[in-house]
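Below is one structure, written out as structure tokens; the observations come after it.
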Amino acid sequence: MALIAGITHNSALSRLDGSRAPYIGMNHDDNTTHRKTSTRSFLSRYRAELLCALMLALMAANFLSVIRRKSITIDETLMIPAGYYHLTARDFRPINEHPPFAKVLGALPLVLAGAQAQAIDPAPGHDYEYYVNLCNQFWRSNHERYESLSFRARVPLIGVTLLLGVLVFIYARRLFGERAALLAVALFALEPTVLAHGRVVQTDIPSAFAYLLFCFTLYEHIRAPSLRRAVYVGLAAGLAVVTKFSMIVLWPVLAVTFYVLWVLARKRGQSRSRVWGHALVVAVASVVVVNAAYLFVHSPGAYQLSPASVDYATWLDGVLRVPIYLLSLALQTIFPPDFIYGISS
């Protein structure tokens, strides 16, 4: 009887263990299946974003391979050292016909890498040739690191190009859906002009990015006005102007837009005072961005200004020369003098 009871007991344990083994195996299979399902769900959910990232990653790889083999352009030989002096000497006179954004962005890695340069003379009245020679001297002072420095200077601008691609995807998807957004990114990543300008220290791609960002933020604000969106519009408008001076045309566009919003305010169920408040926020944000781009440097003594130097009013026989001169002085209390003279140069 004892033997029979022992056999029965062992059989019961065997059945119990046998029932547990498949259960443990089922847990493992379930976990594996759950992980696979989660992965498929993630890939399905973010398929468009991943495809966009893949195209832009290939674009970035192409850029990086090209700038190792291509020397810098003639414009870059001036833009990059000018940005270096903007950052190290806080002097924005070198190559001031271009705003500082691209120059500073390209020069930042060089400052971090410890590039050397001749000191700039702070005295006013230097001609353009002085700054050109100063920029050329920069490369002579760093001739042993020329290839390394020129490569590093271009990398941040490649980042701006990729950000433009991301913005193209976001904006196109918002307007037309994922398929159109992917097509837009594909065309962007293969467009020869973008491939040529997206890897150099120049104003074209940064201004394209800022312009599209301005359009996107303004579109969002018009759809659903708010204080936060007004701030974004102002930041984008200010950024556009410090990427390329021709983007100053966006400010009259803003004036007209907010005037129309003011006229239509009651029909849209909004108060007109709120529209004016948003317009003021946009203006203040733009001014702050412009001053920040020039590191909040206000140095009117860097330029020798007189009513006679206002050449663009001579066609009116000097009638507007003095008023324009006074207006220029007034604007210098709001904007950096380098910004005012950059636009007028």
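Only the coordinates and a few stated rules stand behind these numbers; no lab work does. Note that this is a predicted model, so its numbers are computed, not measured. FYI the Cβ positions are ideal-geometry reconstructions off the backbone, even for glycines, and counts take in every protein chain you see.
The slack in the chain from Ile334 to Leu295, taken as 0.36 nm per residue of separation less the alpha-carbon distance, amounts to 12.7 nm.
Assuming charge only on the beta carbon of Lys and Arg (+1) and of Asp and Glu (-1), the dipole of the range 186-244 about its Cα centre is about 200 debye to the nearest 20. The label point for Arg45 and the one for Leu227, both projected 7 Å from the Cα toward the Cβ, are 3.3 nm apart.
Using mean Cβ contacts within 10 Å as the protection proxy, how do 248-258, 329-339, 64-74, 202-212 order, highest first?
Details: 248-258: 14.6, 329-339: 17.5, 64-74: 12.7, 202-212: 22.0.
Top of the packing list down: 202-212, 329-339, 248-258, 64-74.
Applying the criteria of a DSSP loop state and at most 14 other Cβ atoms within 10 Å to the GluC sites (Glu not before Pro) of the range 84-175 yields Glu97.
Each label point was placed 7 Å from the Cα along the Cα-to-Cβ direction; for Lys267 and Arg35 their separation is 6.0 nm. Positive-end ranking of Tyr46, Gln202, Leu78 along the dipole of the range 46-202, with charges on Cβ about the Cα centre, is headed by Tyr46.
Given R₀ = 25 Å, FRET efficiency for Val166-Arg90 by Cβ-Cβ distance, to 0.05? FRET efficiency, Val166 to Arg90: 0.20.
In a fully extended conformation the segment linking Cys215 and Asp75 would gain 47.6 nm over its present Cα-Cα distance, using 0.36 nm per residue. Between the range 236-251 and the range 53-114, how far is it from one alpha carbon centroid to the other, in angstrom? Each part reduced to its Cα centre gives a spacing of 19 Å. Applying a DSSP loop filter and a limit of 12 other Cβ atoms within 10 Å to the trypsin sites (Lys or Arg not before Pro) in the range 214-275 leaves Arg266, Lys267, Arg268.
3J(HN,Hα) along the range 49-58, derived from phi through the Karplus expression 6.51 cos²θ - 1.76 cosθ + 1.60 where θ = phi - 60°, amounts to 5, 5, 5, 4, 4, 5, 5, 6, 5, 5 Hz, with x in place of Gly and Pro. A simple rule links phi to the HN-Hα coupling: the Karplus curve 6.51 cos²θ - 1.76 cosθ + 1.60 with θ = phi - 60°, which for the range 87-99 gives 7, 8, 9, 6, 10, 9, 6, x, 6, 7, 6, 10, x Hz, with x for Gly and Pro.
Within the range 111-204, list the chymotrypsin sites (Phe, Trp or Tyr not before Pro) lying in a DSSP loop whose Cβ has at most 15 other Cβ atoms in a 10 Å radius.
Numbers: sites: Tyr128, Tyr130, Tyr131, Phe138, Trp139, Tyr146, Phe151, Phe169, Tyr171, Phe176, Phe188; in loops: none.
For chymotrypsin sites (Phe, Trp or Tyr not before Pro) across the range 111-204 that sit outside H, G, I, E and B with at most 15 neighbouring Cβ atoms in 10 Å, the list is empty.
In this rough spin-label picture, where each label sits 7 Å from Cα along the Cβ direction, the Leu58-Leu327 distance is 5.1 nm.
Rounded to the nearest whole Hz, the Karplus-based 3J(HN,Hα) values (6.51 cos²θ - 1.76 cosθ + 1.60, θ = phi - 60°) of the range 241-255 follow the sequence 5, 8, 9, 7, 5, 5, 6, 4, 5, 6, 5, x, 4, 5, 4, with x at glycine and proline.
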